[in-house]
Each structure stands twice: as structure tokens, then as C-alpha cells.
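Undergrad: There's a structure below that I have some questions on.
Please treat every number below as a calculation from the coordinates, not as lab data. The model shown is predicted, which means the values in this text are computed figures rather than measured ones.
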Amino acid sequence: MSIEHDVQRNRTLRAMLLGFAGGIALTAGVAVLATDGGISAMHPMMGSMSQADMAEHIDKACRHLYIEVDATDAQKATLDPIFKQAAADLLPMFRQLHTGHAQVMSLLTAPTIDRTALEQARATQIAVQDRIAQRVTRLVEDSSNVLTQAQRQKLVAHLSQRMSMGPSMHG
């Protein structure tokens, strides 16, 4: 194998993992945000969702994912708790982001700008985003261990196609 071949293979693997991470993050993130108006601020079409609605939404997203990758019943049984635990872990973090966003908006509309408070809010938001990225990475690692390479490639191809359609076509 040549160095050029190794570099190309590493780029392909990196692109595949990023696509997979993005898809899982999107699935988990949308499902997690879809509670008690959390997503309504970002996606008015969804409105407020109850905890039961969120669980149904996660189930629907998982069923769609399973169809896309031709998941076996054993894979579904293994992945369901992985996705549900990730959603449960991510929900409070997304709520923290929402609260932090509201805090920043409040600081920006104050009569005078408190630079120290803005910096603290920024640092807090970055810390929450880092925790989200860590949890999503763990989700990707855990779910990647369940799917075959061919399934991961199908998922990346599907996600790449959906992402290229633009946000209005993601429904």
C-alpha cells in the first residue's frame, strides 16, 4: 500500500465518521430538543412536544435509521437503549444551551453591556457544547460498534444526500 492510498483511506474514514456523527447528532439532537417547547424556538413547525411525544419522535427517527441501514432485530435491540440513553443525557445539555442563549439575549438588550457577564456566558455555552460533543462522540462510538462497515457507509451516503438537499428538505 502506498502512502497516498493510506491518506485517501484516512480521509474517507474521517468523512464517513463525521457523516455518521452528524446523522446521529441530528437524530439525537432533534429528538432531545423536541420537548416542552425546546425545539419550538428553533423549529416552529414542530411546536411543543410532551415527554411521550419526544419518545415517539425518537422511536420514529430510529425506525427510519434502521430502514436506511437494513438493521437486524438484534442490532435494533442493542441500538435502542444506546439512542434513548443519549437522548436522556443530551436533553439537559440542550436545555442549558437554550437557557444560555436566552441569558445572552438578555445581556445584549440591557441598557449597558456587561462584558464580564457576556464572557462568562460565552465560556459556559462553550463548556456545554463541549459536553454535548463528548456525549455525541460516545454515542457515535457506541452505535458504530453495533453497525457493520457496510451499514455505516449506507448511513453516511444517506446523510450526505440529505445534507446536500438543504435544511428545507430534511423533514
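Undergrad: List, largest first, the extents of the alpha carbons of the range 112-165 along their principal axes, each in whole Å.
TA: Ordered largest first, the range 112-165 gives principal extents of 55, 28, 7 Å.
Undergrad: Going by the alpha-carbon gyration tensor, a ≥ b ≥ c the square roots of its eigenvalues, is the range 54-171 rounded (a/c under 1.5) or, if a/c is not under 1.5, prolate (a/b greater than b/c) versus oblate?
TA: The shape class here is prolate.
Undergrad: Run the reach check for Lys154 against lysines, Cα to Cα strictly under 20 Å, same-chain hits fewer than 8 apart removed. What comes back?
TA: Hits, sequence-local ones excluded: Lys60, Lys76.
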